[in-house]
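Q: The structure follows.
The values are calculated or read from the model by the stated rules, or taken from the named source; none is laboratory data. All values derive from a computational prediction rather than experimental measurement. Cβ placement follows ideal geometry from the backbone for every residue including glycine, while neighbour counts extend to all protein chains displayed. Side chains included, ligands, DNA and RNA excluded: accessible areas come from the protein's heavy atoms. Shrake-Rupley method; radii C 1.70, N 1.55, O 1.52, S 1.80 Å.
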Amino acid sequence: NPTPLIKRDFISLSDGQNKNMREDNIFRIMQWNLLAQGLCQSSDGFILCPSAALNWCYRQYHILEELLSYSVDIFFLEEVDQFNYIKTCLEKINFDGLFLPKPDSPCLYEAENFGSDGCAIFWKKDKFELIGHDECILLNDAKKKTNQVSLICKFRDLASGKVFLCAATHLKSKPGYENYRFQQGKYLESILREKAAGLPLILCGDFNAEPTELVVQVMKSSELGFRSAYSNLSEDGQEPQYTTWKVRSGKSGKNEEACHTIDYIFYTEKNIKCVKLLKLPTAEQIGPGRLPSYSYPSDHLSLAADFILL
Ligand code: NDP
Ligand code: CA
C-alpha cells in the first residue's frame, strides 16, 4: 500500500477587498519541478530515499495525486520526461498541454531513460484558450545557446476575455553557475518584456538560485513589475525557508544536505492579484529522509497560487 502523500492547506491573503469578487474570477496555478524519472534513480544520488520509492511504478501515482489534489487550472512543470503519460491523464479532465524538451537532456545519458526532460505547461480547456506560444532556448552572455529553455504561452481567459502570458523555465543547476544563471535570466527577462508588452504575465520555474542570487534580483527589479508570490507568505516579504530539501551522496563520501528556496512564481503586480497560496509542509511532515520519499515524489515541493486578473 502506498504511503499517503503529504497534504497541505491553502492560506488566504485576502485583505477583505475580494469579498465581492465572483469565485470564477479566481484561477489556480501550480509550479512544480516534479523530478525527471530518468535522473532520480541514478545520477541524482538521493541516498536517504529507498529505491522502491523512486521506482516509476510507485512515483507515477503520487505525481498524479499531487497534480490532481488541488484543483489547479494551469500547471507549470519542469523536469518532465513523462509528458505523454501526464498528458494522457490530464486530457481525461479536459486539459491540453505543451512540452519543450531541453536540447541535450541529461536524461538521455542514463541507461534507463524515458527521453528528454523539459518544461511543460498544461491548461484547462474550458477556462483558457491558447492563442499563441513560443519555444525559447535561453542564451548566455556570449550569446550562445544554452541547454536551458523557457516555454511561453499566451492565453485568453474565456470568462473575461482577458489575455495573459505564462512562462515556465528551468535554469542551469549547480554551484559555480551563478553568472550563467544571471545571463540566462537577463535574456529571459528581455524576451518576456518584449512579448508581454504590458499584458499580465506569470513566470514560474526552478531557477536553481537562492533569493540572494543576481538572477532572482533581475526578476524582482524588472520593469515588468514582478512580485514573487511566495514572498506574500511572510510579513516582511522574505521568501520561504525552502522549496526543496534533499540529501545527496557527496563526492567526498559525506552526505550533502540542501534545504533552500530555488523555485519561484513571479507575477506582474499591476494587473494580477494573488489571493491564496499553498502552504509549504513543515519539517515534520517532510520527515527525516527529506525529499523525495515514500510520502512525496520529488525533491522540489509544488508551489500553488490563486490569482485574479485585474
Ligand atoms: P544541469 O547542470 O542544469 O543539471 C541537470 C540535472 O541534474 C538537473 O535536472 C539538476 O536538477 C540535476 N542536478 C543538480 N545537481 C545535481 C547533483 N549534485 N547531482 C546530480 N544531479 C544534479 O544540466 P544541463 O542541462 O547543463 O545538462 C548537463 C549537460 O551535461 C548536458 O548538456 C549533457 O550533454 C551533459 N551530460 C553528459 C553526460 C555524459 O554521460 N556524457 C551525462 C549527463 C550530462 P535541479 O535543477 O533540480 O538541481
Ligand atoms: Ca533535479
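Q: Out of Ala304, Ala283, Ala229, report the one residue that is surrounded by 17 or more Cβ atoms within 10 Å (Cβ to Cβ), of a type in the set (Gly, Ala, Ser), under 22 Å from Ser69 (Cβ atoms) and out of contact with any Cys (no Cβ under 8 Å at 6 or more places or on another chain).
A: Numbers: Ala283 fails: surrounded by 17 or more Cβ atoms within 10 Å (Cβ to Cβ); Ala229 fails: out of contact with any Cys (no Cβ under 8 Å at 6 or more places or on another chain).
Going through Ala304, Ala283, Ala229 in turn, just one is surrounded by 17 or more Cβ atoms within 10 Å (Cβ to Cβ), of a type in the set (Gly, Ala, Ser), under 22 Å from Ser69 (Cβ atoms) and out of contact with any Cys (no Cβ under 8 Å at 6 or more places or on another chain): Ala304.
Q: Out of region 37-54, which residues are away from ligand 1 (no atom under 16 Å from the Cβ) and touching a helix residue (DSSP H, G or I) at 6+ places or on another chain (Cβ under 9 Å)?
A: Of everything in region 37-54, those that are away from ligand 1 (no atom under 16 Å from the Cβ) and touching a helix residue (DSSP H, G or I) at 6+ places or on another chain (Cβ under 9 Å) turn out to be Ala52, Ala53.
Q: Further question on the same structure: Of the residues Lys270, Lys279, Lys254, which is among the basic types (Lys, Arg) and within 16 Å of ligand 1 (Cβ to nearest atom)?
A: Lys254
Q: Among the numbered criteria (1) within 16 Å of ligand 1 (Cβ to nearest atom); (2) open to solvent by 10 Å² or more (accessible area, probe 1.4 Å); (3) within 18 Å of the chain's Cα centre (by Cα); (4) charged (D, E, K, R), which one does Glu78 miss?
A: (2)
Q: Do any residues in region 205-232 that are farther than 17 Å from Leu277 by Cβ and touching a residue at least 12 places away in the same chain (Cβ under 8 Å) have Cβ atoms under 7 Å from those of residues that are assigned to a loop (DSSP other than H, G, I, E, B) and aromatic (Phe, Trp, Tyr), where the two are at least six apart or on different chains, and which pairs are they?
A: Matching pairs, first to second residue: Val215/Phe207; Val216/Phe207.
Q: Would you pick out the residues in region 179-226 that are in contact with a helix residue (DSSP H, G or I) (Cβ under 8 Å, 6 or more places away or on another chain), of a type in the set (Lys, Arg) and either over 17 Å from Asn33 (Cβ atoms) or open to solvent by 10 Å² or more (accessible area, probe 1.4 Å) (or both)?
A: Listed by number, the list holds a single entry, Lys186.
Q: Any residue at all in region 135-144 that's modelled with pLDDT of 95 or more, open to solvent by less than 60 Å² (accessible area, probe 1.4 Å) and polar (S, T, N, Q)?
A: No, because not a single residue in region 135-144 is modelled with pLDDT of 95 or more, open to solvent by less than 60 Å² (accessible area, probe 1.4 Å) and polar (S, T, N, Q).
Q: Quick check on Lys125: is it free of Cβ contacts under 8 Å to residues at least 12 places away in the same chain, over 21 Å from Tyr264 (Cα atoms) and either surrounded by fewer than 23 Cβ atoms within 10 Å (Cβ to Cβ) or out of contact with any helix residue (DSSP H, G or I) (no Cβ under 6 Å at 6 or more places or on another chain) (or both)?
A: Considered against the rule, which asks whether it is free of Cβ contacts under 8 Å to residues at least 12 places away in the same chain, over 21 Å from Tyr264 (Cα atoms) and either surrounded by fewer than 23 Cβ atoms within 10 Å (Cβ to Cβ) or out of contact with any helix residue (DSSP H, G or I) (no Cβ under 6 Å at 6 or more places or on another chain) (or both), Lys125 comes out as no.
Q: Filtering region 161-176 down to residues that are surrounded by fewer than 17 Cβ atoms within 10 Å (Cβ to Cβ) and under 21 Å from Ser116 (Cβ atoms), which residue is nearest to ligand 2 (Cβ to nearest atom)?
A: Checked region 161-176; the qualifying residue nearest to ligand 2 (Cβ to nearest atom) is Ser173.
Q: Identify the residue in region 97-121 that is in contact with a strand residue (DSSP E or B) (Cβ under 6 Å, 6 or more places away or on another chain) and among the acidic types (Asp, Glu) and, among all such residues, is farthest from Ile131 (Cα to Cα).
A: For region 97-121, the residue satisfying everything is Asp104.
Q: Please count how many residues of region 270-289 are closer than 23 Å to Lys246 by Cα and over 19 Å from the mean Cα position of the chain (by Cα).
A: Count: 7.
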